[in-house]
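A quick write-up on the structure given underneath.
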Amino acid sequence: MEFAIVPPAQAAIPVAGSAAVFPVRRIYCVGRNYAAHAREMGADPSREAPFFFCKPADAAVPVVPGVPTALPYPASTKDFHYEAELVVAIGLGGADIPVEAVPGHIWGYTVGLDMTRRDLQAALKAKGHPWEAAKAFDRSAPIAPLVPVAACGHPQAGAIWLTVNGRRRQQGDLGEMIWSVAEIVARLSTLFRLEPGDLIFTGTPEGVGPVVPGDAIEAGVEGVGRLALAIA
Ligand code: MN
């Protein structure tokens, strides 16, 4: 096959402890999956189920330990927010996956940031418009190296945290998710056929907030990994 233009590069993230990289097909995200975060965003978690949105695969920014990463402050915002999240990587595809079968479809886990242009999001929400401009912009998904299930198991509890310039901003626990990882994957697979290479951001605990150029972010998930980057 001859391409009419040079085909775009395959998006990929590193695999911890390996020279291999994990190719990224799609990035799905869950909104409002921790009750305290739903409340801080003005939603009532008892009345509203979590929901899904997407980022493009090439929004992924690999963040490798020991390699300084500078994330450019994006255009078109004055309120650039972090959201620390557990990220699930799909290794075996499927549709209508039963909750109890989900572990067999997961290749690994890592920590990622669902970076958000919060001022745009608020304006889009107010108009009932799609969220892409707020969530799916370039470099909106910094991601640490992926940890295979063989190394980290299937974490269902443990700290999820984020600091800015060394100050704790987010501190939650995976056990506080409204939908568990298995429930998220099962539910998502009723809406979209999942395929190897899909990543799923599983929502953020409370404490989201803005960063400005010069700020240093660190985030981690207990038993999975951590990432560090600077806002440029
Ligand atoms: Mn999020």
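List of remarks:
- Within-15-Å neighbourhood charge of Val99 [Cβ basis; K, R +1; D, E -1]: -2
- Label-to-label distance, nm, for residues given as Glu222 and Ala70 (7 Å Cα→Cβ offset): 3.6 nm
- Chain lengthening between Gln156 and Arg47 when straightened (0.36 nm per residue, less Cα-Cα): 36.8 nm
- Applied to region 217-225, the Karplus parametrisation 6.51 cos²θ - 1.76 cosθ + 1.60 on θ = phi - 60° returns per-residue 3J(HN,Hα) values of 9, 10, 8, x, 10, 4, x, 10, x Hz, with x for Gly and Pro.
- Distance from region 196-232 to region 4-82 (C-alpha centre basis), Å: 9 Å
- The residues neighbouring Ser46, those whose beta-carbon lies less than 12 Å from its own, together hold a net charge of +1 under the Lys/Arg +1, Asp/Glu -1 convention.
- Charge dipole (Cα centre; +1 on Lys/Arg Cβ, -1 on Asp/Glu Cβ; no other charges) of the chain amounts to roughly 400 debye.
- Projecting the Cα atoms of Ala141, Gln156, Leu191 onto the dipole axis of the chain, where Lys and Arg carry +1 and Asp and Glu carry -1 at the beta carbon, places Ala141 farthest toward the positive end.
- For region 121-228, alpha-carbon Rg over 2.2 N^0.38 Å: 1.20
- The average projected area of region 1-111, computed from the convex hull of its Cα atoms over all directions, is 11.6 nm².
- Of all DSSP bridge pairs formed entirely within the chain, close to 85 percent run antiparallel.
- The local environment of Phe137, defined by Cβ-Cβ distances under 9 Å, has a net charge of +2 under the rule Lys, Arg +1 and Asp, Glu -1.
- Take the convex hull of the alpha carbons in region 17-231; its mean projected area over all directions comes to 11.0 nm².
- When the residues Met41, Met1, Met177, Met115 are ordered by accessible surface, computed with a 1.4 Å probe over the protein chains alone, the sequence from largest down reads Met1, Met41, Met177, Met115.
- Region 17-231: relative contact order as a whole-number percent, Cα under 8 Å and 6+ apart: 34 percent
- Dipole magnitude of region 26-73 about its Cα centre (Cβ charges: Lys, Arg +1; Asp, Glu -1), debye to nearest 20: 80 debye
- Percent carbon-and-sulfur accessible area, region 17-231, ignoring ligands, DNA and RNA, probe 1.4 Å: 54 percent
- Residue ranking by accessible heavy-atom surface, 1.4 Å probe, largest first, among Cys152, Cys29, Cys54 comes out as Cys54, Cys152, Cys29.
- Cleavage-rule hits, trypsin sites (Lys or Arg not before Pro), region 42-135, DSSP coil, Cβ neighbours within 10 Å at most 12: Arg47, Lys78
The values are calculated or read from the model by the stated rules, or taken from the named source; none is laboratory data. Every value quoted in this text rests on a predicted model; they were computed, and no experiment measured them. Neighbour counts are summed over all protein chains in view; Cβ atoms, including those assigned to glycine, are modelled from backbone coordinates with ideal geometry. Each accessible area value is taken on the protein alone, full model and side chains, heavy atoms only, with ligands, DNA and RNA left out. Shrake-Rupley method; radii C 1.70, N 1.55, O 1.52, S 1.80 Å.
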